[in-house]
Amino acid sequence: MAAVTVVRGDITRIRCDAIINAANSRLRRGGGVDGAVHRAAGPALQEELERCYPEGCPTGEAVLTSGHGLPATWVVHAVGPVWRGGGAGEPALLASAYRAAFRLAAAAGSRSVAAPLISTGVFGYPVEQAAPIAVREAESSPAPVTEVTLVAFDQGVEAAVREALAARG
């Protein structure tokens with residue numbers, strides 16, 4: 001079981017083995033976390049995605065690239081669901097995206113992983129509902145992942161993650 005902590009900050013500055021990027025299914029540079037990751041990594045990141053994954057990535061899945069200009073060795077691009085009110089399988093898809101991302105990070109030999117709250121930005125997933133899923137899946141990360149940092153971009157996200165961490169018992 002991985003140790004899970006939360007910090008508020010910029011995921012692109014976290015020194016760890018792998019970061020998880022909240023990607024879109026086309027794997028093209030977007031906004032929010034994805035835009036920040038692409039800006040910090042440089043154009044070689046998009047070139048690798050286009051070369052290795054020309055068909056994109058389905059919702060609930062993830063793909064792996066190198067970190068390029070980031071301090072992390074790897075970037076795991078996880079595609080979470082767009083929020084449609086909660087009745088379209090969003091919780092299962094979000095959990096699946098995290099599981100796929102942590103599996104890829106583990107397969108690449110990562111011990112330390114930083115992750116955002118996937119789908120809570122432009123995809124509209126409610127932070128209070130996403131945080132417990134992120135915490136549960138982070139704690140269940142497969143070996144060799146032993147340390148997961150959930151990176152909050154603002155005080156509200158940080159508070160939701162702290163509440164989810166406290167509630168897990």
Fill in the blank from the handout: Counting only residues that are within 10 Å of the chain's Cα centre (by Cα) and hydrophobic (A, V, I, L, M, F, W, C), the range 63-93 contains a total of 4
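Residues are listed down the side, and each one gets a yes or a no for (1) within 16 Å of ALA115 (Cα to Cα); (2) not hydrophobic (A, V, I, L, M, F, W, C):
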| position | (1), (2) |
| --- | --- |
| ALA2 | yes, no |
| THR5 | yes, yes |
| THR12 | yes, yes |
| ARG39 | no, yes |
| PRO43 | no, yes |
| HIS68 | no, yes |
| TRP83 | no, no |
Exercise for the section: Would you confirm whether any residue within the range 38-54 is of a type in the set (D, E, K, R), under 22 Å from GLU137 (Cβ atoms) and out of contact with any His (no Cβ under 7 Å at 6 or more places or on another chain)? Expected result: no
Practice task
Could you run through the range 125-153 and say how many residues are part of a loop (DSSP other than H, G, I, E, B) and modelled with pLDDT of 95 or more?
Solution key: 9
Exercise for the section: Kindly establish whether ALA138 is closer than 20 Å to PRO71 by Cα and touching a Phe, Trp or Tyr at 6+ places or on another chain (Cβ under 8 Å). Expected result: no
Problem - Output for the range 82-100, where each listed residue is touching a residue at least 24 places away in the same chain (Cβ under 8 Å) and either closer than 13 Å to PRO58 by Cα or in contact with a helix residue (DSSP H, G or I) (Cβ under 7 Å, 6 or more places away or on another chain) (or both) - result: VAL82, TRP83, PRO91, LEU93, LEU94, ALA95, SER96, ALA97, TYR98, ARG99, ALA100
Handout entry: Residues that are surrounded by 24 or more Cβ atoms within 10 Å (Cβ to Cβ) and assigned to a helix (DSSP H, G or I), drawn from the range 105-124
Key = ALA105
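The values are calculated or read from the model by the stated rules, or taken from the named source; none is laboratory data. Predicted model only: the values in this text are computed from it and were never measured. When we count neighbours, we look across all protein chains shown, and the Cβ atoms used for this are built from the backbone with ideal geometry, even at glycine.
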